[in-house]
Amino acid sequence: MNKLLEGKVALVLGIANKWSLAYAIAEAFHRAGARLALTYLGERQKQAIEELAKDWNVAAVLPCDVTRDEDLAALTESLAGNKVHAVIHSLAFANREDLTKPFVETSRAGFLLAQDVSAYSLVAVARAVAPLMTEGGSLTTLTYLGSTRVVPNYNVMGVAKASLEAAMRYLAYDLGARNIRVNAISAGPVKTASARAIKDFSSILESGPQHAPLRRNTDPAEVADAAVLLASDLARGVTGNVLFVDAGMHVMGHHS
Ligand code: IMJ
């Protein structure tokens, strides 16, 4: 592929390990010529991220717990002096029990935690990074079909993703005046650390090959290539969108 992101600096939040969608995206951004800034959650992750990133052109590896305003302020401080062109927001969290019990049992605290980490964080990150995006830019978040359709067990995360998608649209409106585009990629099921923990995930992965229009599951590299597109000038007219990268699964109403 040609160097669609040559000369651009991209901030990627949400790499946990090499199965993370954020990892596939960072890798594709590197291949497309971007310089990367990466964040990690907790000191334990620092070494792991540095190891994963060792072959990339890395401007910074920074701690960032998106629920802490201090961390976001420090992120802005650390990156000051760099112009940032692209941001990938690829993180979410809900209590494990809220992804197994009936949704009606969701506690107030569990609901608010999922909203804080998975949806409000996009607003907080946008506000922290927008001042550095002086040449315009692109912010891309990751979402899932459970935001608009009921996917059993997705529960409180579905509500958080609905909130995330709405926040994405309002941010697209606010930041559009500064030529900052905001979009979401709705990825099909991928076996990441976030998905592995889910019961019956293997049966979910059987659905793609049988029922998706492309008759297969989603490859992280396909999500990553779509993220390169959205961050690139090829997508200069694209903002406020949810782009499905799911082998077409979202079009199905019923299957035979
Ligand atoms: C998650 C739960 C239920 C069904 C699910 C998922 N399906 C998919 C996911 C069908 C694809 C993965 N996904 C899209 C997520 O957004 C996962 C978020 C998540 C996962 C965990 C597991 C471990 C934990 N908290 C989590 N919080 C959010 O403790």
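Which one of Tyr173, Tyr120, Tyr144 is among the aromatic types (Phe, Trp, Tyr), crowded, with 19+ Cβ neighbours inside 10 Å and closer than 20 Å to Val242 by Cβ?
On the way: Tyr173 fails: crowded, with 19+ Cβ neighbours inside 10 Å; Tyr120 fails: crowded, with 19+ Cβ neighbours inside 10 Å.
Step by step, each of Tyr173, Tyr120, Tyr144 is checked, and only Tyr144 is among the aromatic types (Phe, Trp, Tyr), crowded, with 19+ Cβ neighbours inside 10 Å and closer than 20 Å to Val242 by Cβ.
Suppose we filter the range 186-226 for residues that are among the β-branched types (Val, Ile, Thr), part of a loop (DSSP other than H, G, I, E, B) and either in contact with a His (Cβ under 8 Å, 6 or more places away or on another chain) or without any contact (Cβ under 8 Å) to a residue 40 or more places away in the chain (or both); how many remain? Let's see the steps before the verdict.
In the first step, residues of the range 186-226 are kept if they are among the β-branched types (Val, Ile, Thr); the result is 190, 192, 198, 204, 218, 223.
From the residues that got through so far, the ones that are part of a loop (DSSP other than H, G, I, E, B) too are 190, 192, 198, 218.
If we keep only those that are either in contact with a His (Cβ under 8 Å, 6 or more places away or on another chain) or without any contact (Cβ under 8 Å) to a residue 40 or more places away in the chain (or both) as well, we get 218.
Result for the range 186-226: 1.
So Lys199 clears everything in (1) within 16 Å of the ligand (Cβ to nearest atom); (2) open to solvent by less than 50 Å² (accessible area, probe 1.4 Å) except one condition, right? Which one?
Of the numbered conditions (1) within 16 Å of the ligand (Cβ to nearest atom); (2) open to solvent by less than 50 Å² (accessible area, probe 1.4 Å), the odd one out for Lys199 is (2).
Can you name every residue in the range 149-188 that is farther than 26 Å from Ser107 by Cα and within 16 Å of the ligand (Cβ to nearest atom)?
Keep residues of the range 149-188 that are farther than 26 Å from Ser107 by Cα, which gives 169-188.
The answer is Ala184, Ile185, Ser186, Ala187, Gly188.
Could you list, in sequence order, the residues of the range 90-105 that are part of a loop (DSSP other than H, G, I, E, B) and open to solvent by less than 30 Å² (accessible area, probe 1.4 Å)?
Of the range 90-105, the ones part of a loop (DSSP other than H, G, I, E, B) are 90-95, 100-102.
Of everything in the range 90-105, those that are part of a loop (DSSP other than H, G, I, E, B) and open to solvent by less than 30 Å² (accessible area, probe 1.4 Å) turn out to be Ser90, Ala94.
Quick one: is Val223 open to solvent by less than 60 Å² (accessible area, probe 1.4 Å), away from the ligand (no atom under 15 Å from the Cβ) and within 19 Å of the chain's Cα centre (by Cα)? I'd like the intermediate steps shown before the answer.
Numbers: open to solvent by less than 60 Å² (accessible area, probe 1.4 Å): yes; away from the ligand (no atom under 15 Å from the Cβ): no; within 19 Å of the chain's Cα centre (by Cα): yes.
Against the criterion (open to solvent by less than 60 Å² (accessible area, probe 1.4 Å), away from the ligand (no atom under 15 Å from the Cβ) and within 19 Å of the chain's Cα centre (by Cα)), Val223 does not qualify.
Each row is one residue, and each column tells you yes or no for (1) closer than 26 Å to Lys18 by Cα; (2) among the polar types (S, T, N, Q).
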{"position": "Asn82", "(1), (2)": "no, yes"}
{"position": "Ala86", "(1), (2)": "yes, no"}
{"position": "Phe93", "(1), (2)": "yes, no"}
{"position": "Ala166", "(1), (2)": "no, no"}
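Out of all the residues in the range 56-89, which are assigned to a strand (DSSP E or B) and open to solvent by less than 30 Å² (accessible area, probe 1.4 Å)? Give the steps one after another, and end with the answer.
Taking the range 56-89 and keeping what is assigned to a strand (DSSP E or B), we get 58-63, 86-89.
Once the filter is applied, which keeps residues that are assigned to a strand (DSSP E or B) and open to solvent by less than 30 Å² (accessible area, probe 1.4 Å), the range 56-89 yields Ala60, Leu62, Ala86, Val87, Ile88, His89.
Determine whether the range 229-239 contains at least one residue that is within 12 Å of the ligand (Cβ to nearest atom) and modelled with pLDDT of 95 or more. Steps first, please.
Step one: filter the range 229-239 for residues within 12 Å of the ligand (Cβ to nearest atom), giving none.
No, the range 229-239 contains no residue that is within 12 Å of the ligand (Cβ to nearest atom) and modelled with pLDDT of 95 or more.
Out of the residues in the range 96-115 that are touching a helix residue (DSSP H, G or I) at 6+ places or on another chain (Cβ under 9 Å) and under 30 Å from Ser138 (Cα atoms), which is nearest to the ligand (Cβ to nearest atom)? Please lay out each step first, then the result.
Of the residues in the range 96-115, the ones touching a helix residue (DSSP H, G or I) at 6+ places or on another chain (Cβ under 9 Å) are 97-103, 105-107, 110-111, 113-115.
Next cut, under 30 Å from Ser138 (Cα atoms) only: 111, 113-115.
Values: Phe111: 13, Leu113: 9, Ala114: 7, Gln115: 12 Å.
Selected residue: Ala114.
Which numbered condition trips up Glu135, out of (1) of a type in the set (Asp, Glu); (2) modelled with pLDDT of 95 or more; (3) within 16 Å of the ligand (Cβ to nearest atom)?
(3)
Being within 13 Å of the ligand (Cβ to nearest atom), among the aliphatic types (A, V, I, L, M) and under 27 Å from Lys3 (Cβ atoms) is true for just one of Leu36, Leu21. Which residue is that?
Numbers: Leu36 fails: within 13 Å of the ligand (Cβ to nearest atom).
Going through Leu36, Leu21 in turn, the sole match is Leu21.
The values are calculated or read from the model by the stated rules, or taken from the named source; none is laboratory data. Values in this document were obtained by computation on a predicted structure and should not be read as measured data. Using ideal geometry, Cβ is built from the backbone for each residue, glycine included, and neighbour counts are taken over all protein chains shown. Surface accessibility is based on the protein's heavy atoms, side chains included, excluding ligands, DNA and RNA. Shrake-Rupley method; radii C 1.70, N 1.55, O 1.52, S 1.80 Å.
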